[in-house]
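The values are calculated or read from the model by the stated rules, or taken from the named source; none is laboratory data. As the structure is a prediction and not an experimental result, all values here were calculated from the model. Because the Cβ atoms are built from the backbone with ideal geometry, glycine has one as well, and the counts that use them run over all protein chains shown. Ligands, DNA and RNA are stripped out before the accessible areas are found, and what is left, the full protein with its side chains, is counted by its heavy atoms. Shrake-Rupley method; radii C 1.70, N 1.55, O 1.52, S 1.80 Å.
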Amino acid sequence: MNSKFDFSRFKKVIVYDYHQYIHRFGVVLAVLAGIPTILVWLSSFSFSSWTTSLIATGEMPGISPYIRYTSINYAFWIVVFIAPAWLYGFINMKKDGPQYATLPATYLEKFVSILFYTLIVTPIVFMAGCLAMDTLLTLLPWGGYKEFIWQLNMGEFLDEFAGFNYTDMFGDWVWPLNILSIISTSSLMFFFSTIFKKHKVAKTAGVLFLLGFILLIAILASLPSIVEYFNNNPIVLEEYFYDYIDDRLLPLIYYSTIAISIVQTVVCYLWGYYRMKKMKF
């Protein structure tokens with residue numbers, strides 16, 4: 001077989017993966033798209049405080065688009081995280097892995113198809129489904145959806161969700177950075193899906209939790225020395241810490257995080273691709 005990238009073979013892989021996508025992930029994606037929209041909508045009928053407002057005013061209070069989009073956003077990151085394992089976790093399994101490995105296509109063509117379905121199709125289909133469902137619920141004459149979800153200010157939402165002035169800090173780079181976050185998150189699961197045989201999502205989440213816990217311990221361990229330093233140097237605390245933390249320390253942390261995310265993404269995809277090519281069953 002020609003080792004060069006061939007579009008006719010690639011289209012066949014795309015079609016094959018499409019059928020696998022519907023079979024393996026279709027129901028899961030539909031359920032996860034329904035949870036943050038339908039459940040939040042149903043909650044408008046159950047909260048006692050809203051019932052009181054209904055009695056007092058004769059009108060059901062509306063659920064803010066910010067609340068609705070926040071719930072969708074959390075579900076979105078769950079979907080992006082689990083998609084590589086749910087869709088392609090079988091590639092290192094004895095039962096289905098050999099069949100995928102022997103498909104008449106190069107590993108590069110298969111890898112590009114994996115990127116297509118995990119980074120493009122899944123986020124777009126999920127968000128489109130959630131927004132369409134939210135819009136339909138808003139059109140209903142009953143329930144707590146009074147405003148359309150696209151009426152929210154996305155810049156204010158990102159600032160609120162991030163917990164700092166995200167849009168002012170990154171300006172035109174806001175959306176590229178969000179795309180980087182999607183790619184970075186997906187690359188982690190893809191890489192660990194080539195390592196773990198079973199319970200891929202749970203084990204990957206456990207590894208990330210352990211790494212986060214180790215980082216937290218390191219930060220807490222360094223706090224006493226930092227506090228002691230500032231206690232011994234009150235002028236530094238007054239002139240440096242309070243004046244420059246927003247201008248220097250926080251940007252340094254954020255830009256370092258971006259750099260680490262880029263490196264992590266490249267390493268995870270390259271290493272995962274190498275493992276996929278060298279898979280042993």
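Where residues in region 167-209 are at pLDDT 85 or above and charged (D, E, K, R), which of them is nearest to W86 (Cα to Cα)? The selected residue is K200. Being under 26 Å from G144 (Cα atoms), modelled with pLDDT under 80 and assigned to a helix (DSSP H, G or I): is that true of T51 here? For T51, the condition - under 26 Å from G144 (Cα atoms), modelled with pLDDT under 80 and assigned to a helix (DSSP H, G or I) - is met. So which residues in region 215-248 are at pLDDT 85 or above and exposed (fewer than 10 other Cβ atoms within 10 Å of the Cβ)? Result: no residue meets the conditions. Taking the conditions exactly as written (at pLDDT below 80, part of a helix (DSSP H, G or I) and not small (G, A, S)), does E109 satisfy them or not? No: the conditions fail for E109.
Please work out which residue is surrounded by the most Cβ atoms within 10 Å (Cβ to Cβ), limiting yourself to region 145-166 and to residues that are modelled with pLDDT of 75 or more and assigned to a loop (DSSP other than H, G, I, E, B). Write out each step before concluding.
Filtering region 145-166 for residues modelled with pLDDT of 75 or more gives 145-150.
Remaining after also requiring assigned to a loop (DSSP other than H, G, I, E, B): 145-148.
Values: Y145: 24, K146: 14, E147: 14, F148: 13.
That would be Y145.
Within region 4-33, residues that are charged (D, E, K, R) have Cβ atoms under 7 Å from residues that are part of a helix (DSSP H, G or I) and open to solvent by 30 Å² or more (accessible area, probe 1.4 Å) in these pairs: R24/W86, counting only partners at least 6 apart in sequence or on another chain. For region 190-225, residues that are farther than 28 Å from Y274 by Cα and not aliphatic (A, V, I, L, M) total 4. Residues in region 1-29 that are among the small types (G, A, S) and open to solvent by less than 30 Å² (accessible area, probe 1.4 Å): G26 only. Regarding G129, is this residue open to solvent by less than 70 Å² (accessible area, probe 1.4 Å), at pLDDT 90 or above and under 22 Å from I35 (Cβ atoms)? Answer is yes for this residue. Of the residues making up region 11-47, just one is in a helix (DSSP H, G or I), farther than 13 Å from Y117 by Cα and among the aromatic types (F, W, Y), namely W41.
Against the conditions (1) under 20 Å from G144 (Cα atoms); (2) at pLDDT 80 or above; (3) not β-branched (V, I, T), P61 satisfies every one except (2). Among residues of region 251-279 that are touching a residue at least 60 places away in the same chain (Cβ under 8 Å), those with a Cβ under 8 angstrom from a residue that is of a type in the set (V, I, T) and surrounded by 12 or more Cβ atoms within 10 Å (Cβ to Cβ), sequence gap 6+ or separate chain, pair up as T265/I183; G272/T194; R275/T194; R275/I195; M276/I91; M276/T194; M279/I91; M279/T194.
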